[in-house]
Amino acid sequence: MSENRVAVISIIVEDRSSAAKVNELLSEFGDYIVGRMGVPYKARGISVLCVIIDAPSEILNTLSGKIGMLKGVTAKTLTNKI
């Protein structure tokens, strides 16, 4: 079994049609999510999310990868081994 890591996934949603899928994925991995904050940046027409997650590397990579493959969505992950 892989050791858990604490990570922050930063997400920028430029295409609102992908927002529902982002939320669906976050719900799917909800057991690993410690907290999340989302801010609509209306002046730029985007939404910015910050998700704190405590999970094995495989889960982190899977979630970040699935989110990053969505149309008009960018995701970057910062991890730390704790």
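The values are calculated or read from the model by the stated rules, or taken from the named source; none is laboratory data. Worth saying up front: this structure is predicted, and the values here are computed from it rather than measured. Glycine also receives a Cβ, built like all others from the backbone with ideal geometry; neighbour counts cover every protein chain displayed. All accessible areas refer to the heavy atoms of the entire protein, side chains included, with ligands and DNA or RNA removed. Shrake-Rupley method; radii C 1.70, N 1.55, O 1.52, S 1.80 Å.
Specify the angular offset, from 0 to 90 degrees and rounded to the nearest 10, of the alpha carbon long axis of helix 19-28 from the longest principal axis of the alpha carbons in the chain.
Computed tilt is about 20 degrees.
I'd like the distance between the alpha-carbon centres of segment 53-75 and segment 1-52, rounded to an integer number of Å.
9 Å
Can you count the Lys pairs in the chain whose Cα atoms are under 23 Å apart, with each pair 8 or more apart or on different chains?
On the way: LYS21/LYS42; LYS21/LYS66; LYS21/LYS71; LYS21/LYS76; LYS42/LYS71; LYS42/LYS76; LYS66/LYS76; LYS66/LYS81.
Lysine pairs, 8 or more places apart or on different chains, close enough: 8.
For the chain, with a Gaussian network of springs between Cα atoms less than 10 Å apart, report the residue from VAL22, VAL34, VAL13 with the top mean-square fluctuation.
Greatest mean-square fluctuation among the candidates belongs to VAL34.
Charges at C-beta only: +1 for Lys and Arg, -1 for Asp and Glu. How large is the resulting dipole of the chain about its Cα centre, in Debye rounded to 20?
Values: 10 positive and 8 negative charges, 78 e Å.
Taking the Cα centre of the chain as origin, the dipole is about 380 debye.
Quick one: pull the percent of accessible area on segment 1-75 belonging to carbon and sulfur, 1.4 Å probe, ligands and nucleic acids left out. Display every interim value, and only then the final one.
Values: 2470 of 4580 Å².
C and S atoms contribute 54 percent here.
Can you send over the solvent-accessible area of MET37, 1.4 Å probe, protein chains only, in Å² to the nearest 10?
110 Å²
Does segment 29-76 come out rounded, prolate or oblate, given a ≥ b ≥ c as the square roots of the eigenvalues of its C-alpha gyration tensor, rounded meaning a/c under 1.5 and, failing that, prolate meaning a/b above b/c? Let's see the in-between values first.
Working: a/c = 3.47, a/b = 1.58, b/c = 2.20.
Judged from the Cα gyration tensor, segment 29-76 comes out oblate (a/c at least 1.5, b/c at or above a/b).
Can you give the calculated 222 nm mean residue ellipticity of the chain, where each DSSP H run of n ≥ 4 adds -39,500 (n - 2.57) and the sum is split over every residue, rounded to the nearest 500 deg cm²/dmol?
On the way: 2 runs with 22 residues, N = 82.
Taking each H run of at least 4 residues, the total per residue is -8000 deg cm²/dmol.
To the nearest 10 square angstrom, how much accessible area does SER27 have with a 1.4 angstrom probe?
Around 90 Å² of this residue is reachable by solvent.
Say we join alpha carbon atoms closer than 10 Å with springs in a Gaussian network model of the chain; which of ARG36, ARG16, ARG44 then has the biggest fluctuation?
ARG44
For a bin width of 5 Å, list the pair-distance distribution of the chain built from all Cα-Cα distances, rounded to whole %.
P(r) for the chain, in whole percents per bin: 3, 16, 29, 26, 14, 8, 3, 1, 0.
Could you report the chain's accessible area per residue, 1.4 Å probe, as an integer in Å²? Present the calculation step by step, with values, prior to reporting the outcome.
Numbers: 5320 Å² over 82 residues.
Per residue, the chain has an accessible area of 65 Å².
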